[in-house]
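Below is one structure, written out as structure tokens, with a few remarks after it.
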Amino acid sequence: QLQASGGGLVQAGGSLRLSCAASARTFRGYVMGWLRQAPGKEREFVAAINWSTGMKYYADSVKGRSTIDKDNAKNTVYVQIGRLKPEDTAVYYCASTRSLRDPRNSDSSIYEYWGQGTLVTVSS
């Protein structure tokens, strides 16, 4: 199971660090992803990290102001997004997949396990 946390209300220009804790499972061989869904919009990819290789992927919308990382000992994946904008407002989900497809070009159907989502609201 995946447990996402760290959302909240942030002013534009600020930053947030979201956490995704995995329980009772090793994610070796999985890609851990963060996706988001804004009101009235489709779920979209944000960032992902290959648990085994450490390879990282970022959506163009957050590239350069976002960092994804993992803590093997804590079985936790983090994503930090800086220079937040009102358009970053969304429910953020963490998810995992064994798919080898590039997560930047894949829809959310590739993910097998999902966290419950954490709301990020960016005020202008």
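The values are calculated or read from the model by the stated rules, or taken from the named source; none is laboratory data. These figures come from a predicted structure and were not determined experimentally. In this analysis, Cβ positions are derived from the backbone assuming ideal geometry, glycine residues included, and neighbour counts consider all displayed protein chains. Surface areas here come from the heavy atoms of the whole protein model, side chains and all, with no ligands, DNA or RNA. Shrake-Rupley method; radii C 1.70, N 1.55, O 1.52, S 1.80 Å.
Here are a few things to note about the model shown:
- Leading residue by the ranking (nearest to residue 99 (Cα to Cα)) among those in region 15-35 that are open to solvent by 20 Å² or more (accessible area, probe 1.4 Å) and outside any strand (DSSP E or B): 29
- Residue in region 42-54 that is in a strand (DSSP E or B), within 18 Å of residue 10 (Cβ to Cβ) and modelled with pLDDT of 95 or more present: yes
- Criterion (open to solvent by less than 50 Å² (accessible area, probe 1.4 Å) and either out of contact with any Phe, Trp or Tyr (no Cβ under 6 Å at 6 or more places or on another chain) or basic (Lys, Arg) (or both)) met by exactly one of 38, 59, 73, 47: 38
- Residue among 64, 82, 33, 13 that is in contact with a Pro (Cβ under 8 Å, 6 or more places away or on another chain) and at pLDDT 95 or above: 33
- Inspection of region 87-100 identifies no residue that is open to solvent by 50 Å² or more (accessible area, probe 1.4 Å), closer than 18 Å to residue 4 by Cβ and out of contact with any Lys or Arg (no Cβ under 7 Å at 6 or more places or on another chain).
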